[in-house]
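The values are calculated or read from the model by the stated rules, or taken from the named source; none is laboratory data. Predicted model only: the values in this text are computed from it and were never measured. Cβ placement follows ideal geometry from the backbone for every residue including glycine, while neighbour counts extend to all protein chains displayed. Heavy atoms of the whole protein, side chains included, go into the accessibility calculation; ligands, DNA and RNA do not. Shrake-Rupley method; radii C 1.70, N 1.55, O 1.52, S 1.80 Å.
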Amino acid sequence: MTSSLRARAALMSVLILAVFLGTWHLATRGSGSVANLNPEYAKLLGATATQGKSAMPGPADVGAKLWEHIKSPFYDNGPNDKGLGIQLGYSIARVLLGYLLAVAVAIPLGFLIGMSPLMSKALDPFIQILKPISPLAWMPLALYTIKDSSISAIFVIFICAIWPMLLNTAFGVAAVRKEWINVARTLEVGTVRRAFTVILPAAAPTILTGMRISIGIAWLVIVAAEMLVGGTGIGYFVWNEWNNLSITNVIIAIFVIGLVGMILDQLLAQATRLVTFPE
Amino acid sequence: MTDKFISIEAIAKRYPAKGGGETAVFENLWLSMNRGEFGCIIGHSGCGKTTVLNILAGLDEPSEGTVIVDGQAIEGTSLDRAVIFQGHALFPWRTVMGNVAFAVKSKWPKWSAERIKAHAQKFIQLVGLGGSEHKRPAELSGGMKQRVGIARALSITPKIMLMDEPFSALDALTRGTLQDEVRRICLETDQTTFMITHDVDEAIYLADKIFLMTNGPGAVLAEILENPLPRDRARIDLHRHPLYYPLRNHIVDFLVSRSKTFTTDVPDYDPRKVPVVKLALPEPVIATSAKSVPSAATASTQASA
C-alpha cells in the first residue's frame, strides 16, 4: 500500500511538472509575424515585436542554457564570466566557513546557557536584542570594520546562523531529563564526562534541529549578501545576469539555488536522523 | 549502636511556604537499619518517603540532621549507594550493555573495555536478560527495562540499594516476577536494600522491616514493623502463614485510619523511640470466655535508636 502511494505520488509530481512546463511553454512561445516591417527596423525591434515572442524565455531555452552550464561548469573568462560551478563553489565555501564558525561558538555557548541558569538569565537580554536583527543590517558595519567584502559576507553568514543553533542547544541542554542527570549524579560522573556522555547525546536531536534551521537561513542570506558585496558567488551571478538582461541565466540560478539549498537541508536531516533515539 | 549500618539522625526537610514561613514535610526523623536488611517505607503520597530516599541517595539535602552510612556521614551522591528509579531512567541512546557498562565504567574508570564488558555481562545475566545485550531500551518491555535498571544498580556492587517505587509502573504479573527476582538477588548477595512502596503486599513479601509513615506535612515515622514471616518465604504459600493476615490487616488499618490520626492519638510521641511492633500468634482462646478478645499485636515499645 505504501509503495503504491509513493508510486502514485511520483506520478502526480511528474504530471504537475508537465502541466507547469506546458503552461510555461505556451505562455512564452511566439505567435508568428505580427506586422510587416522594414527588415532593418524589425531587426532593431527584436523578436518580441516582430514575432510576438515573449521576452520571457521558454522552458526549452532554459533547458538548452542549463545543458551548456552543465557541460562546462568551471570555465573562467574573467571577473564577469565564470562557470556556474565556480560561482556555486564560492557561495558554498562562504556558507560553510561562516556556518562552522557559528557552530564553534553557538554550541559551547549554548551548553553554558543551558547548564547555568545564571548565564541563561544574564545573556537573555543580549540574545533577545541581537536575534531579530536582519543579518544584512550588519553588512555596513562589517565592511567598515573588516574592510574585506568577502570576509564580511562570511561574517554575515556567521551572525545569521548562530541564533537558531544557540537557542536550540541551550534549550536542548536545559531540557535534558532530570532522571538522566540524577543517574549521572548517583554514579559520581564528572562534569566533562557528564557533558559528553549524558547531556550531549540527550540534547543532540534538538541541537541538530537548530543546525538544520541555521544552514537553511545561511543559504537564504548568502544570495542577498553576495548581491551586495559582488565579485563572486551565486548571488553575484544572479545580479550580474540581471544586468546582462539574461533572464534565462537568472532562472537557472534560481533553480540551482533551490537545488543546493535542498541538498544542504537533506544532509542535516540525515544527520539528525542518525542521532535521534526512540524513546 | 555500633551495628547500625544506616542511621538517619534527626533529619528534617522544610520548604518555603506561600506567604512566608516554612512547611515541614517531616521534622526530627530517626531511622536505622542493619547490614543485609531489607527495609520498606510505606505511607501515603506526600508523606515525604521519596524525600527520605533522595536524602539517603544524596540527591537531596536535609534542612537539618545527618545520615550516617557504614560509620560515615554522607555527603552528596556516592557510588556506594545505587538508586533504582521509578521510571527506570535508562539512556535510550545506549544499548542494554551500554547502560550497564556506563555504570561499571563510572565505578572503575581504569578497567579495560573487556573487563567492563565481562563485569556488566555478569549482571545482565543475573537479572535474566542474557541475549538482549544489544537491544535499546525502546525495544524492551517495561519489566525488562526495570531489570536493566536493577542490573545497572547492582553492577557497581553498592553498599545500599535504594529503590523508589521501582515496580509501580508495571503490570501485576510482571511486578510479581520482578519482586521474586529482587528477593532472590538480595538474599543471594546479602544486599542492604531500602525501598519505597505504597503496595502493602509488596512490603510484606520483600521487607524484613516495614517503616510506617503518617501523612504529611509534618509526617512522622509511626512504627517499625518487624516482618514475622520466615526469611525463606515463597509467594505461593505466603498467605497461608498464620501471621500473614494479622500483619496485612495491621498495615492496612494503619494506612486507612491511623496514618491520619496518629499525631493526635499519640501526644507523647518520641521520634527517637519509635515503637517496634512484633506481631505474635494470638494466645489460644477458650470459646466460653467471650470477653477476651484475641489481640494480634503485642507492641513492645523498645527504643529503636
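Brief remarks follow.
- Here's how it looks for B:M163: its modeled amide H is under 5 Å from those of B:I84, B:F194, B:M195, B:I196, which are all 5 or more places away or on a different chain.
- For chain B, the longest principal axis of the Cα atoms and the long axis of helix B:244-253 meet at an angle of about 80 degrees.
- Taking a ≥ b ≥ c as the square roots of the eigenvalues of the alpha-carbon gyration tensor, region A:84-275 is classed prolate because a/c is 1.5 or more and a/b outweighs b/c.
- The protein assembly as shown: C-alpha gyration tensor shape, a/c 1.5 cut-off, then a/b vs b/c: prolate
- Between A:L267 and B:E75, the FRET efficiency from the beta-carbon distance, with R0 = 35 Å, is close to 0.15.
- Here B:K159 is the anchor, and the lysines within straight C-alpha reach of less than 19 Å, apart from those fewer than 8 places off in the same chain, are B:K4, B:K105, B:K107, B:K122, B:K209.
- Counting only DSSP beta bridges whose two residues both lie in chain B, roughly 55 percent are antiparallel.
- Global geometry of region B:84-157, whether rounded, prolate or oblate, following the gyration tensor of its Cα atoms and the 1.5 cut on a/c: prolate
- Between B:E188 and B:D237, the C-beta separation translates, for a Förster distance of 30 Å, into a calculated FRET efficiency of about 0.90.
- Among the GluC sites (Glu not before Pro) found in region B:23-90, those both in a DSSP coil and sparsely packed, with 13 or fewer other Cβ atoms within 10 Å of their Cβ, are B:E75.
- Taking 0.36 nm per residue of sequence separation and removing the Cα-Cα distance, the A:W242/A:L96 pair yields an extension gain of 49.9 nm.
- Spatial separation of Cα centroids for region A:58-134 and region A:222-279, in angstrom: 9 Å
- Built amide H within the under 5 Å cut-off of B:E223, gap 5+: B:L212
- Extended-chain gain in nm, criterion 0.36 nm per residue less alpha-carbon gap, A:S3 and A:A55: 14.4 nm
- For chain B, the spread of Cα positions along the three principal axes, ordered from largest to smallest, is 71, 53, 38 Å.
- Couplings 3J(HN,Hα) of region A:105-120, computed from phi: 8, 5, 6, x, 5, x, 4, 4, 5, x, 8, 10, x, 5, 5, 4 Hz, in residue order, whole Hz [Karplus 6.51 cos²θ - 1.76 cosθ + 1.60, θ = phi - 60°; x for Gly and Pro].
- Reachable aspartates and glutamates, given that their alpha-carbon falls under 19 Å from the alpha-carbon of B:K260 and they are not under 8 places away in the same chain: B:E27, B:D199, B:E223, B:D268, B:D270
- Estimated vicinal HN-Hα couplings, Hz - region A:237-245 in sequence order (Karplus 6.51, -1.76, 1.60; Gly, Pro = x): 4, 4, 5, 5, 6, 5, 5, 7, 6
- Nitroxide proxy distance, nm - points 7 Å out along Cα→Cβ at A:L130 and B:E22: 4.1 nm
- Table column - 3J(HN,Hα) (Hz), region A:253-270, Karplus curve with 6.51, -1.76, 1.60, x for Gly and Pro: 4, 4, 5, 6, 4, x, 5, 5, x, 5, 5, 4, 4, 5, 4, 5, 4, 5
- Here is how the number arises for chain B: DSSP H runs of 4 or more residues each give -39500 (n - 2.57), the sum is divided by the residue count, and the result at 222 nm is -9000 deg cm²/dmol.
- Label-point separation in nm, B:E114 to B:L281, each point 7 Å along Cα→Cβ: 5.8 nm
- A:A27 versus B:V252: modelled label distance in nm, points set 7 Å from Cα along the beta carbon direction: 8.0 nm
- Degrees between helix B:142-155 axis and first principal axis of chain B (Cα, 0 to 90, nearest 10): 80 degrees
- Protein heavy-atom accessible area occluded, B/A pair - total, 1.4 Å probe, Å²: 1800 Å²
- Close amide-amide hydrogen proximity is noted between B:K4 and no other residue 5 or more places distant or on a separate chain, at a cut-off under 5 Å (H modeled in the peptide plane; Pro and chain starts excluded).
- Using alpha-carbon coordinates, inclination of helix A:59-71 to the longest axis of chain A, degrees: 60 degrees
- Legend: residues in region B:51-97 shielded by at least 30 square angstrom of accessible surface upon adding the remaining protein chains to the isolated chain (1.4 Å probe, heavy atoms) are B:L59, B:T77, B:L79, B:F85, B:A89, B:F91, B:P92, B:W93.
- The protein assembly as shown: antiparallel DSSP beta bridges as a percent of all, rounded to 5: 55 percent
- Estimated 222 nm signal from helices in chain A, with DSSP H stretches of n ≥ 4 weighted -39500 (n - 2.57), rounded to 500: -25500 deg cm²/dmol
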